[in-house]
Amino acid sequence: QVQLVESGGGLVQPGGSLRLSCRVSGGIFSIYTMGWYRQAPGKQRELVATIQASGNTNYVDSVKGRFTISRDNAKNTVYLQMNSLKPEDTAVYLCNAVLDKVIYWGQGTQVTVSS
């Protein structure tokens with residue numbers, strides 16, 4: 001049973017930073033493509049960033065230059081470093097692990113950007 005557990009969310013002021021973590025257990029972390037998504041109230045789930053097993057990364061335009069996705073295969077963990085946060089970044093952030101057509105999801109962590 002593959003399980004994903006996110007952590008690191010919270011309340012931060014505009015311009016602040018947070019680092020989200022997603023630890024994977026029960027699978028072979030190093031071969032998964034890992035992704036961070038977010039879902040704001042009343043909006044569709046949005047892809048934020050992905051990192052392949054090779055280390056190649058991809059970002060949605062709205063976070064380029066502000067967010068950085070990384071992975072530590074020794075710790076079975078993927079990170080999302082979020083800098084220069086804006087109120088519009090407020091959402092539940094979820095991570096997923098993808099291998100071929102199989103997708104696993106975490107439960108999400110709330111990020112609120114507000115003064």
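Details
- Search result, residues across the range 27-77 that are assigned to a strand (DSSP E or B), among the hydrophobic types (A, V, I, L, M, F, W, C) and closer than 15 Å to residue 91 by Cβ: 36, 47, 48, 49, 67
- Complete set of residues in the range 26-35 that are at pLDDT 95 or above and open to solvent by 20 Å² or more (accessible area, probe 1.4 Å): 33
- Residues that are in a loop (DSSP other than H, G, I, E, B) and in contact with an Asp or Glu (Cβ under 6 Å, 6 or more places away or on another chain) within the range 78-107 comprise just one, 106.
- Among (1) of a type outside the set (S, T, N, Q); (2) open to solvent by less than 60 Å² (accessible area, probe 1.4 Å); (3) closer than 17 Å to residue 5 by Cβ - the single one residue 75 does not satisfy: (2)
- Residue within the range 50-62 that is open to solvent by less than 60 Å² (accessible area, probe 1.4 Å), within 16 Å of residue 8 (Cβ to Cβ) and in contact (Cβ under 8 Å) with a residue 12 or more places away in the chain present: no
The values are calculated or read from the model by the stated rules, or taken from the named source; none is laboratory data. What you are looking at is a predicted structure, and each value in this text was computed from that prediction instead of being measured. Counting neighbours? That spans all protein chains shown, and the Cβs are built from the backbone with ideal geometry, glycine included. Note: areas computed on protein heavy atoms with side chains; ligands, DNA, RNA excluded. Shrake-Rupley method; radii C 1.70, N 1.55, O 1.52, S 1.80 Å.
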